[in-house]
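Novice: Next up is a structure, given as structure tokens.
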Amino acid sequence: MQRSIQKRTLETRARLFSAAEDVIQKGGYEALRVEEVVQAAGVAKGTFFAHFRDKDALMEILLAEKLNAYLDEAEAGKPPNSVPDIIAALEPVHSFMTVERYVFDLLIRYSGATAIAEIGPIAYFFERYFRVVMMWLEDADVRKDVPSELLAEGVQAFAIQAMSLRFCALHASTSFSDRLKVYLEAWLTPAR
């Protein structure tokens, strides 16, 4: 009996994820409404809230899955050796992080930086991003007078800063990649 309840619960959750993905395909992340998801999944609204605290809790899982998939691809490729290579390797990750203002805002809220009590999949993604970049920097042609941990924290911080300025009217004229290149060249380039 317990297995059939668990199986049904997992199936319902999978239907909710699938329905959410369909709704997002049509209107984007910010436009997603719980009502549309439950209608597309063929379940009651209460069923949604039995699985997720709110829309953002569903989004946290969906966004982290996509981000981790992009990071899997980056990690599977040849380790980048220079600033342009690092930017190129992380480009799919960064592009997805800035696909919509809502997505970026949610990522920052759930990154762990805002002291949310529960550490969730987005916070774990940010930690993984840091670890992957740190591993790359250990062998890359970058400055060696600073530990790779600190360099990786800087890469992540500069990426987030460049992303935030992408959504700022005062700084929108400079592309994310151009701004990130300036930051990372200043941060990672060995003194000559």
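Novice: Using a 1.4 Å probe on the protein chains only, how many percent of the accessible area of the chain belongs to carbon and sulfur?
Specialist: Within the chain, the accessible surface is 54 percent carbon and sulfur.
Novice: Suppose each label sits 7 Å from its Cα in the direction of the beta carbon; what would the E73-K45 distance come out to in nanometres?
Specialist: In this crude spin-label approximation the distance works out to 3.7 nm.
Novice: Leaving ligands, DNA and RNA out of it, work out the accessible area of Y124 with a 1.4 Å probe and give it in Å² to the nearest 10.
Specialist: 140 Å²
Novice: What residue among L106, L170, L67 has the largest mean-square fluctuation in a Gaussian network model of the chain, using Cα springs under 10 Å?
Specialist: Sorting by GNM fluctuation, first place goes to L170.
Novice: Another question about this same structure. So which of K45/K66; K26/K78; K55/K78; K26/K181; K7/K78; K55/K181 end up more than 29 Å apart by C-alpha?
Specialist: Where the Cα-Cα span goes over 29 Å, the pairs concerned are K26/K78; K55/K78; K26/K181; K7/K78; K55/K181.
Novice: Moving on to the next point. Work out how much length E21 to R101 would gain on full extension: take 0.36 nm times their residue separation and subtract the Cα-Cα distance, in nm to one decimal. Walk me through the intermediate numbers first.
Specialist: On the way: separation 80, 0.36 × 80 = 28.80 nm, distance 1.80 nm.
Extra length from E21 to R101 when fully extended: 27.0 nm.
Novice: Would you please classify the overall shape of the stretch 79-179 from the alpha carbon gyration tensor, given that a ≥ b ≥ c denote the square roots of the eigenvalues, rounded means a/c under 1.5, and beyond that prolate means a/b larger than b/c while oblate covers the rest?
Specialist: oblate
Novice: Would you mind working out the magnitude of the charge dipole of the chain relative to its Cα centre, with +1 at each Lys and Arg C-beta and -1 at each Asp and Glu C-beta, to the nearest 20 Debye?
Specialist: Using only the charged Cβ atoms, the result is roughly 520 debye.
Novice: Round to the nearest 10 and give me the degree value, 0 to 90, for the angle of helix 2-27's Cα axis relative to the longest principal axis of the chain.
Specialist: 60 degrees
Novice: Please find the FRET efficiency linking A57 to A172, where r is the Cβ-Cβ separation and R0 is fixed at 35 Å, and quote it to the nearest 0.05. Intermediate results must be reported in sequence, preceding the final value.
Specialist: Values: r = 31 Å, r/R0 = 0.88.
That gives a FRET efficiency of 0.70.
Novice: How many angstrom separate the Cα center of the stretch 82-145 from the Cα center of the stretch 1-63?
Specialist: The distance from the Cα centre of the stretch 82-145 to that of the stretch 1-63 comes to 26 Å.
Novice: Okay, moving on. Send over a whole-number figure in Å² for the accessible area per residue of the stretch 1-124, probe 1.4 Å.
Specialist: Details: 6860 Å² over 124 residues.
Solvent-accessible surface per residue comes out at 55 Å².
The values are calculated or read from the model by the stated rules, or taken from the named source; none is laboratory data. Since this is a predicted model, take the numbers as computed values, not measurements. Cβ sites come from the backbone with ideal geometry, for glycine too, and all protein chains shown count toward neighbours. Keep in mind that these areas ignore ligands, DNA and RNA; they rest on the heavy atoms of the full protein, side chains included. Shrake-Rupley method; radii C 1.70, N 1.55, O 1.52, S 1.80 Å.
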